[in-house]
Amino acid sequence: MTNASVYIHIPFCRSKCVYCDFASFAGMDHLMEPYISSLVTEIGHAHPMTADTLYIGGGTPSHLPASLLENVMGAFNNKFRLADGAEMTIEANPHSASREMLETAKKLGMNRLSIGIQSFNDRLLKTLGRPHTANDAVDTIAQARSAGFANISLDLIFGVPGQSAADLIADLEKAVALSPEHLSVYQLTLEEGTPLEEMVEKGKVMMPDDDEQLAMYESTVDFLKKAGYRQYEISNFAKPGKECRHNLAYWMGDEFAGFGSGAHSFTEGVRYANPDDPEDYIRDVTVGGESGVEILTDDKDKIIDFLLMRLRLVDKALKFEEINSKFEIIFEEVYNSALKNIEKHGFATISNSGFQLTSKGLVFLDSLLLEFEKV
Ligand code: SF4
């Protein structure tokens, strides 16, 4: 692998949001220094390459002190050459993106900021367990602009318990009024073992049903289209030319190198995963200089994983020849029954050369993949 996308994971958060099952941790700030030292060591062991994109995600990267972010970027710059016009994204949350942090990130070369807003409605932010208000979010966007970020993405969530269709439109209106270059609008999913799941089980809150979720999704797509944002992935919308190149590489099945706890890498057809727990990660790197084990060793799992990513792209039918050459199979024959079933249920349209999900298929991607898993 000589050219790739690079991902660096920062697992620390100020508090844990009730719906979150990411590899992120609150109350572990005492591990920040040893963690960043391990990250520097792990990056130091990587093969040198040219990075087309860099994405520093989390967790909450903006929760790191500026000096530790400088250490991370020092290690990155020592090891990797940046391609001309490389996209360099860092994630930030409104409660922690201080002026100093934003200026440091800009000075270190970051040219894209992804801000976790989730909602401009304080009642819904409280339901989600977010430690910030709508006003904090608006302030952060203004600070980011004045720090020089010309490419900003905002994350929003729909399908929050207690969120009406009008609440969603109000959130979209506020977001669009702030003129971000990119918007990610995710459907809230109930993850196993999260406090939100317990709240739903105890009847404290109620998730919207499938029809309500589908209606919210369709109104989001419609609203953002009219506002000049092109949908290019299930949950992602961009002004012309502002699609996230880093994530596009994942969805297209390109190779990438990941560093830090919970990070995955995909190189020469093999996928590796680092342990989610920062303490395990620090221990691995301290002992061996590296971390990570091979995952997805079964061919069928690799195909399902590829479909999970690739089918997310909108207006980009998956050609049979693309998947056939990648996996050396005749996909349309092996998975014929699954293809027929998803078409019958209105999840996809199929042609002689490939297939494309409908908007219903995009919303229920996880369920329709079960059809392929059954084969
Ligand atoms: S800030 Fe993000 S990563 Fe951290 S707990 Fe909340 S949703 Fe999870």
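Values quoted throughout were computed directly from the atomic coordinates according to the rules given, and no laboratory measurement underlies them. Not measured: the values here are computed from a predicted model. Quick reminder, even Gly has a Cβ in these numbers, built from the backbone with ideal geometry, and neighbours come from all protein chains shown.
With a 10 Å Cβ neighbour count serving as the proxy for reagent exposure, in which order, fewest first, do 246, 264 appear?
264, 246
Please list, in chain and number order, the residues 5+ apart from residue 58 or on another chain whose amide H is under 5 Å from its amide H, with Hs placed from the backbone.
10
Rounded to a whole number of µm²/s, how large is the Stokes-Einstein D of region 95-195 at 37 °C and 0.692 mPa s, given Rh as the Kirkwood radius over C-alpha pairs?
My calculation gives 230 µm²/s for D.
Please count, across region 2-126, the pairs of lysine residues with Cα atoms under 28 Å apart that sit 8 or more places apart or on different chains.
Total qualifying Lys-Lys pairs in region 2-126 comes to 4.
How big, in percent, is the set of alpha carbon pairs in the chain lying more than 28 Å apart?
48 percent
Unpartnered cysteines of the chain (Cβ-Cβ under 4.7 Å counts as a partner)?
Isolated Cys, the chain: 13, 244.
If you keep only loop residues by DSSP, which trypsin sites (Lys or Arg not before Pro) in region 162-205 have at most 12 other Cβ atoms within 10 Å of their Cβ?
Answer by residue number: 202, 204.
Specify the residue with the greatest mean-square fluctuation among 321, 103, 91, computed from a Gaussian network of the chain linking alpha-carbon atoms under 10 Å apart.
321
Count charges around residue 249 for me, please; just the other residues with Cβ under 9 Å from its Cβ, Lys/Arg as +1, Asp/Glu as -1.
-2
Over the chain, with a Gaussian network built from C-alpha contacts below 10 Å, which listed residue (363, 138, 200) shows the highest mean-square fluctuation?
Sorting by GNM fluctuation, first place goes to 200.
Scan region 266-311 for GluC sites (Glu not before Pro) in coil per DSSP, keeping those whose Cβ has at most 11 other Cβ atoms within 10 Å, and list them by number.
Hits after loop and neighbour filter: 268.
Per-residue HN-Hα couplings for region 221-238, Karplus 6.51 cos²θ - 1.76 cosθ + 1.60 at θ = phi - 60°, whole Hz, x for Gly and Pro?
Values, residue by residue: 4, 5, 4, 6, 4, 5, 7, x, 9, 8, 6, 10, 8, 2, 10, 10, 9, 9 Hz.
Note down the net charge around residue 73, summing +1 for each Lys or Arg and -1 for each Asp or Glu among other residues with Cβ under 12 Å from its Cβ.
Neighbour charge sum, excluding residue 73 itself: +2.
Of the candidates 196, 313, 31, which one comes out as most mobile in a Gaussian network treatment of the chain with C-alpha springs shorter than 10 Å?
Result for the chain, Cα springs under 10 Å: 31 fluctuates most.
5 Å is the cut-off here: which amide hydrogens, built 1.01 Å from N in the peptide plane, fall below it relative to residue 186, excluding neighbours closer than 5 in sequence?
Those lying under 5 Å, H to H, from residue 186 are 156, 157, 158.
Return the lysines within reach of residue 340: Cα separation strictly under 20 angstrom, same-chain partners fewer than 8 residues apart disregarded; answer none if there are no such residues.
Here the lysines satisfying the reach criterion relative to residue 340 are 300, 316, 319, 360, 374.
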